[in-house]
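None of the figures in this text is laboratory data; all of them are computed from the coordinates on show. Keep in mind the model is a prediction, meaning the values are calculated, not measured. For neighbour counting, all protein chains shown are included, and Cβ atoms are generated from backbone atoms with ideal geometry for every residue, glycine included.
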Amino acid sequence: MPVIAVANPKGGVGKSTLATNVAGWLARQGHAVMLGDLDRQQSSHQWLGLRPAKVPAIQTWEVRDGGSLLRPPKGTTHAVIDTPAGLHGKKLEALLKITDQLLVPLQPSLFDIQATHAFLNELAVHPRAGQIRVALVGMRVKDHTIAQERLQEYTATLPAKMIASLRDTQNYVHLAAHGLTLWDVASGRVERDLAQWEPIVAWLKNH
């Protein structure tokens, strides 16, 4: 079962937006998807509670032993894990033990870049570094800005490739408020955003 984690110790970078839409794409492909939420805020878990019955189902953890054991529901074929800010130590170790693909969202700001750089350095020396596919995704990126140029310059120096930049749009906010993803509405409504997701989809397929 492929496990796709969305992680960056920096808070507010768009982890839940990325994780929910990855899960939504997998579900639209007909996979039995579990979206696990490790964040105390439980944004992804709350989003699942808003998801309409008419769209492809996405499951959450099975909680056992009084909450000490979290397991994918029986029949799960793909797992997506949304992670908290400040992820490090034993929690990071436990995550990396089961992760096959790791998406690292970051925004075009100095603080995001610094936090992401330190995180990637930590990943580079991990024993499983060669077994986990890592990719960066720019979040809330505005075209033709100095911030965008700086982000592209920085990510070009990293071992992990930035595979896509997602624009700053209210589409994600409006869809999330109803438990939806880009793949749950008419494509014409989100055509530009779907185009930006094409390299992410290609990367996910190449697991």
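What percent do you get for the relative contact order of region 1-61 when only Cα pairs under 8 Å and 6+ apart count?
With pairs under 8 Å counted, the relative contact order is 31 percent.
Kindly identify region 20-150 as rounded, prolate or oblate by the Cα gyration tensor criterion: order the square roots of the eigenvalues as a ≥ b ≥ c, call it rounded if a/c is under 1.5, otherwise compare a/b with b/c, prolate if a/b is larger, else oblate.
oblate
For the pair I132/L70, report the inter-label distance in nm, with labels modelled 7 Å from Cα in the Cβ direction.
That separation, rounded to one decimal, is 1.5 nm.
Could you work out how far the C-alpha centroid of region 1-45 sits from that of region 153-207, in angstrom?
Rounded to whole Å, the Cα centres lie 13 Å apart.
By how many nm would the segment from D100 to A57 grow when fully extended, if each residue of separation counts as 0.36 nm and the alpha-carbon distance is taken off?
Numbers: separation 43, 0.36 × 43 = 15.48 nm, distance 2.25 nm.
Extra length available between D100 and A57 comes to 13.2 nm.
Please give the FRET efficiency for E93 paired with N206, using the beta carbon to beta carbon distance and R0 = 30 Å, rounded to the nearest 0.05.
0.70
Using Cα pairs closer than 8 Å and at least 6 residues apart in sequence, work out the relative contact order for region 80-161, in percent.
Here the relative contact order equals 35 percent.
Considering the options H126, A23, T60, tell which one lies farthest towards the positive end of the dipole of the chain, charges being +1 on Lys and Arg and -1 on Asp and Glu at the Cβ, about the Cα centre.
T60
May I ask you to derive the relative contact order of region 3-205, considering only C-alpha pairs under 8 Å and at least 6 residues apart, and to give it as an integer percent?
The normalised contact order for region 3-205 reaches 26 percent.
If you put +1 on each Lys and Arg Cβ and -1 on each Asp and Glu Cβ, how big is the dipole of the chain around its Cα centre, in Debye rounded to 20?
That gives the chain a dipole magnitude of about 340 debye.
Relative to the Cα centre, what is the charge dipole magnitude of region 31-136, using +1 at the beta carbon of each Lys and Arg, -1 at the beta carbon of each Asp and Glu, and rounding to the nearest 20 debye?
I would put it at about 300 debye.
Ignoring everything except DSSP H segments at least 4 long, calculate the 222 nm mean residue ellipticity for the chain; use -39,500 (n - 2.57) per segment, divide by total residues, nearest 500.
Numbers: 7 runs with 78 residues, N = 207.
Value at 222 nm, helices only: -11500 deg cm²/dmol.
Considering only G14, G86, G36, give the residue with the highest GNM mean-square fluctuation for the chain, with springs between Cα atoms whenever their separation is below 10 Å.
It is G86.
Lysines near K91 by alpha-carbon distance under 23 Å, same-chain residues fewer than 8 away left out - which ones?
Qualifying lysines at Cα under 23 Å: K10, K15.
Between V125 and I146, take the C-beta separation as r, use R0 = 35 Å, and let me know the FRET efficiency to the nearest 0.05.
0.60
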